[in-house]
Amino acid sequence: MLYGSIEAGGTKFVCAVGNEDLEILHRESFPTTVPAETMAKVIAFFKKFETELVGIGIGSFGPIDIHEESPTYGYITSTPKLAWQNYDFVGAMKKEFSVPVAWTTDVNAAAYGEYVFGHGKGLDSVVYYTIGTGVGGGAIQKGQFVEGFSHPEMGHMLIVPHEDDSYKGNCPFHGNCLEGMAAGPAIEKRLGKKGADVPESDPFWTIEADYIAQCVYNTTLMLSPDVIILGGGVMKQQHMVKKVHEAFTNLMKGYVKTPSLDEYIVTPALEDNAGTMGCLALARKVALSA
Ligand code: ADP
Ligand code: ZN
């Protein structure tokens, strides 16, 4: 028996298959171009394993329709990526493979990976943020994704601009929301170089840490989760998590007594595998409950 995983991101789709112990056996990436092209590669990848495949887990960029009763359940909906607007992703997979399909956001999938195998293991309440090309957040409460009329869009929360930051933000909807101020492209536009090329000594990182700390502060006050996991390219700055701890302490002013910050605000235990592991675990869950 094999489980399939599709981590559908804005720049690439990562497809994988795992065995019953959710060990990754094969993995391949395809650039995100247009559905006809990208999905043909995705389908060809899983066709090689079709006879053993028993479930597929998809974590997709969004917004997506997650309501099972909705006529557009399984669609990517109002994404700025025009070619993918109103694309029936789950339908396309179901047409080719007669196995159950789990469907959630890319960041929920990563949260689930950490919940099952990483820093959320054994805990009730896990929040995961990715700070990368965009900012996204997902929350799990006792094994269920926190959602209502739709999935959360935590990356677009409002934050207070830092007094030393004159950048106006680049979110096409809100300008200076968290994503508009703190995602990788905002760093690049502000400083004229990629985040990876900004040295640890650059004073900008204090500003970035303040924005991420505001996000963690808001999350703490709203959900009091057991752990907040910070992933994505920007968190590859090794010094960042410590700076976030300091900025968070300054913002919270002792009001809420959280778990020790070394255990409460962490980077992903699964590193870049959180999304794939989460999709595999969701594939197993949907296959076992089918
Ligand atoms: P995506 O969000 O597209 O899935 P990533 O999580 O890798 O992918 O995020 C990519 C973003 O992170 C880019 O804007 C990139 O410039 C930025 N980034 C990647 N590595 C680093 C780094 N070491 N330091 C700061 N920013 C980085
Ligand atoms: Zn926004």
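The values are calculated or read from the model by the stated rules, or taken from the named source; none is laboratory data. Predicted model, so just to flag it, every value in this text is computed and none were measured. Note: ideal-geometry Cβ built from the backbone for every residue, glycine included; neighbour counts use all protein chains shown.
Restricting region 157-199 to residues that are touching a Phe, Trp or Tyr at 6+ places or on another chain (Cβ under 7 Å) and near ligand 2 (Cβ under 10 Å from one of its atoms), the residue that is farthest from GLU69 (Cα to Cα) is MET181. Among the residues of region 171-188, the one identified as more than 10 Å from ligand 1 (Cβ to nearest atom), more than 29 Å from VAL256 (Cα to Cα) and either crowded, with 18+ Cβ neighbours inside 10 Å or among the basic types (Lys, Arg) (or both) is CYS171.
For region 206-228, indicate whether the set of residues that are touching a Cys at 6+ places or on another chain (Cβ under 9 Å), of a type in the set (A, V, I, L, M) and within 16 Å of ligand 2 (Cβ to nearest atom) is non-empty. No: region 206-228 contains no residue that is touching a Cys at 6+ places or on another chain (Cβ under 9 Å), of a type in the set (A, V, I, L, M) and within 16 Å of ligand 2 (Cβ to nearest atom).
Scanning region 198-239 for residues that are over 21 Å from CYS171 (Cα atoms) and near ligand 1 (Cβ under 8 Å from one of its atoms) yields VAL198, LYS236, GLN237.
Among residues belonging to region 250-288 that are out of contact with any helix residue (DSSP H, G or I) (no Cβ under 9 Å at 6 or more places or on another chain), in contact (Cβ under 8 Å) with a residue 40 or more places away in the chain and small (Gly, Ala, Ser), point out the one that is nearest to ASP210 (Cα to Cα). Taking the candidates together, the pick is ALA283.
Condition check ((1) hydrophobic (A, V, I, L, M, F, W, C); (2) within 16 Å of ligand 2 (Cβ to nearest atom); (3) surrounded by 15 or more Cβ atoms within 10 Å (Cβ to Cβ)) across all residues:
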site: TYR3; (1), (2), (3): no, no, yes
site: GLU7; (1), (2), (3): no, no, yes
site: ASP21; (1), (2), (3): no, no, no
site: ARG27; (1), (2), (3): no, no, yes
site: VAL42; (1), (2), (3): yes, no, yes
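The set of residues from region 126-170 being surrounded by fewer than 17 Cβ atoms within 10 Å (Cβ to Cβ) and small (Gly, Ala, Ser) comprises GLY143, GLY148, SER150, SER166. Of the residues making up region 185-223, just one is more than 17 Å from TYR167 (Cβ to Cβ), without any contact (Cβ under 8 Å) to a residue 12 or more places away in the chain and either among the charged types (D, E, K, R) or outside the structural domain of HIS245 (by TED's automatic domain parsing) (or both), namely ASP197. Is it the case that ALA274 is buried (at least 17 other Cβ atoms within 10 Å of the Cβ), closer than 30 Å to GLU28 by Cα and within 16 Å of ligand 2 (Cβ to nearest atom)? It is false that ALA274 is buried (at least 17 other Cβ atoms within 10 Å of the Cβ), closer than 30 Å to GLU28 by Cα and within 16 Å of ligand 2 (Cβ to nearest atom).
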